[in-house]
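*Asks:* Take this structure, written in structure tokens, and hold onto it; I'll ask about it next.
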Amino acid sequence: RAKALRSGGACFYQAEMDASVRVRRRLAEDLRGALAMGQLRLFYQPQVELATGRRTVHEALMRWRHPMRGFVSPAEFIPLAEESGLILTLGEWALRTACAAAAADPRMGRVAVNLSPLQFMQPGLPQAIATILAETGLPPGRLELEITESTLMQDQDRATVMVGQIRALGVQVAMDDFGTGYSSLGTLRAFSFDKIKLDRSFLREIGSSRQAMTILRAVLAIGQGLGVPVLAEGVETEEQRALLRAEGCAEAQGYLFGEPLPPEELGLRGSAAA
Ligand code: C2E
Ligand code: MG
Ligand code: MG
Ligand code: MG
């Protein structure tokens, strides 16, 4: 009986797998037309200076409104775009759109854009960034690019050159989701960053786990020693904010300070910008 159940379970599992492969394939096809159909947008989420509450940076986060499925999470569609290579088109669009939005409104402060691994490995990337900055008129110092550790690990030597070339443009480079990759400390030794963004999984556990607290303190100490500001991702509660301030963390991002919003709801585009 157990055996029958097991094989039945395996069958069911196989059918589910096929369905999910089909769903993914279908989504990937739909994504191809999404940009031209106007289904993609950038939302922006603030990063704040904890001491003052000042919004210094806004991070651009892609949103896809699928005609049948509603909003599809970037955690779902960015990997699809990465697999098909479509991310190169989407990424360039995001960069240009974010730079144009920031150039149009100085109150946006700096704008942060996420770079995917495939994008990051394009030899022409620094030139493409320079062109977009020139076309939109955004000063390089107002652009920040976020990359993850896995992006850097694919080819460390090339990655070192790329980070150097991007920073030589005067653009800032932030390490995103720090602590989730394979080589956190090695990454810090091999690359120069302008910011370390500590992954939100640490903050989520900080109330309940001594390890998370210890790691937070250690990362803050490393940042201080290297002269690189540390930003805590995923701040949702007053307690977390107070704790971060007490520990000397300089910057934070999370729902407590603001969710990602479309530019017209940020209260940025007003009379002063017009
Ligand atoms: P990320 O760059 O680490 O962005 C932070 C994610 O955490 C965002 O999810 C944001 O909405 C979410 N978040 C912010 N504050 C909180 C909080 O307090 N609590 C919780 N639970 N979540 C919070 P989102 O927008 O769904 O994006 C997911 C990921 O998709 C991003 O992670 C990034 O890796 C990728 N992504 C988004 N837009 C782009 C893009 O334009 N290009 C590329 N290459 N990747 C993108
Ligand atoms: Mg990011
Ligand atoms: Mg992150
Ligand atoms: Mg992330």
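*Asks:* For every other residue with a beta carbon closer than 13 angstrom to the beta carbon of Glu236, add +1 if it is Lys or Arg and -1 if Asp or Glu, then tell me the sum. Spell out each step's value before the answer.
*Replies:* Details: positive: Arg200, Arg204, Arg241; negative: Glu205, Glu233, Glu238, Glu239, Glu259.
Charge balance in the 13 Å sphere: -2.
*Asks:* Right, another one. Among Ala212, Ala98, Ala15, which one shows the highest mean-square fluctuation when the chain is modelled as a Gaussian network with alpha-carbon springs under 10 Å?
*Replies:* Largest GNM mean-square fluctuation: Ala15.
*Asks:* Using a Gaussian network for the chain with springs between C-alpha atoms less than 10 Å apart, which of these wobbles most: Asp199, Asp177, Asp30?
*Replies:* Maximum among the listed residues: Asp30.
*Asks:* Helix-only estimate, please: 222 nm mean residue ellipticity of the chain, summing -39500 (n - 2.57) across DSSP H runs of length 4 or more and dividing by its residues, to the nearest 500. Walk me through the numbers before you get to the answer.
*Replies:* On the way: 11 runs with 135 residues, N = 274.
Taken over the chain, the calculation gives -15500 deg cm²/dmol.
*Asks:* Can you tell me the order of 67-77, 129-139 when each peptide is scored by its average per-residue count of other Cβ atoms within 10 angstrom, highest first?
*Replies:* On the way: 67-77: 12.2, 129-139: 16.2.
Final packing ranking: 129-139, 67-77.
*Asks:* Quote the charge dipole size of the chain about the Cα centre in Debye, to the nearest 20; the model charges only the Cβ of Lys and Arg (+1) and of Asp and Glu (-1). Don't skip to the end; give the middle numbers.
*Replies:* Values: 30 positive and 31 negative charges, 95 e Å.
Dipole of the chain, to the nearest 20 debye: 460 debye.
*Asks:* Specify which residue in the list Thr136, Gly207, Phe193 is farthest towards the positive end of the charge dipole of the stretch 119-225, using unit charges on the beta carbon of Lys, Arg (+1) and Asp, Glu (-1), about the Cα centre.
*Replies:* Value: Gly207.
*Asks:* For a quick check: sort His58, His66 by the number of other beta carbons within 10 angstrom, fewest at the front. Working shown, then result.
*Replies:* Values: His58 30, His66 14.
Ranked by crowding around the Cβ, least crowded first: His66, His58.
*Asks:* Still on this structure, I have one more. Taking the inverse of the average 1/r across all pairs of different Cα atoms in the stretch 163-266, what Kirkwood radius in Å do you get? Kindly include the intermediate steps, with their values, before the conclusion.
*Replies:* Numbers: mean 1/r = 0.0687 Å⁻¹.
Roughly 14.6 Å, rounded to one decimal.
*Asks:* Still on this structure, please answer the following. Sum up the charges of everything whose Cβ sits under 12 Å from the Cβ of Ser20, counting Lys and Arg as +1 and Asp and Glu as -1, but leave Ser20 out.
*Replies:* Numbers: positive: Arg22, Arg24, Arg25, Arg26; negative: Glu16, Asp18, Glu76.
Around Ser20, the surrounding residues sum to +1.
*Asks:* Here is a further query. Using r as the Cβ-Cβ distance of Ala19 and Thr237, and R0 as 41 Å, what FRET efficiency do you calculate, to the nearest 0.05? The partial results should precede the final answer.
*Replies:* Working: r = 38 Å, r/R0 = 0.93.
With a Förster radius of 41 Å, E is 0.60.
*Asks:* If you take the charge dipole of the stretch 137-274 about its Cα centre, with +1 on Lys and Arg Cβ and -1 on Asp and Glu Cβ, which of Leu226, Leu256, Val171 is farthest toward its positive end?
*Replies:* Leu226
*Asks:* Which loop-located chymotrypsin sites (Phe, Trp or Tyr not before Pro) does the stretch 108-216 contain, where loop means any DSSP state but H, G, I, E or B and the Cβ has at most 10 other Cβ atoms within 10 Å? Mind dumping the intermediate values first?
*Replies:* Numbers: sites: Phe120, Phe178, Tyr182, Phe191, Phe193, Phe202; in loops: Tyr182, Phe191, Phe193.
Answer by residue number: Tyr182.
*Asks:* Out of Leu80, His66, Leu125, whose Cα points farthest toward the positive end of the dipole of the stretch 60-126 (charges: +1 Lys, Arg; -1 Asp, Glu; placed on Cβ)?
*Replies:* So the residue furthest toward the plus end is His66.
*Asks:* I'm a student and want to see the number: the projected area of the Cα convex hull of the chain, averaged over all directions, in nm².
*Replies:* Mean projected area of the Cα convex hull: 18.0 nm².
*Asks:* Would you please give the FRET efficiency between Thr131 and Arg26, computed as 1/(1 + (r/R0)^6) with r the Cβ-Cβ distance and R0 = 35 Å, to the nearest 0.05? Let's see the in-between values first.
*Replies:* Numbers: r = 34 Å, r/R0 = 0.98.
That gives a FRET efficiency of 0.50.
*Asks:* Using the Cα gyration tensor of the stretch 49-206, with a ≥ b ≥ c the square roots of its eigenvalues, what is the shape: rounded (a/c below 1.5), prolate (a/b larger than b/c) or oblate (neither)?
*Replies:* Details: a/c = 1.11, a/b = 1.05, b/c = 1.05.
Cα axes put the stretch 49-206 in the rounded bin.
Read-outs: derived from the displayed coordinates by stated rules, not from any lab. Since the structure is predicted, the reported quantities are computational estimates derived from the model, not experimental observations. When we count neighbours, we look across all protein chains shown, and the Cβ atoms used for this are built from the backbone with ideal geometry, even at glycine.
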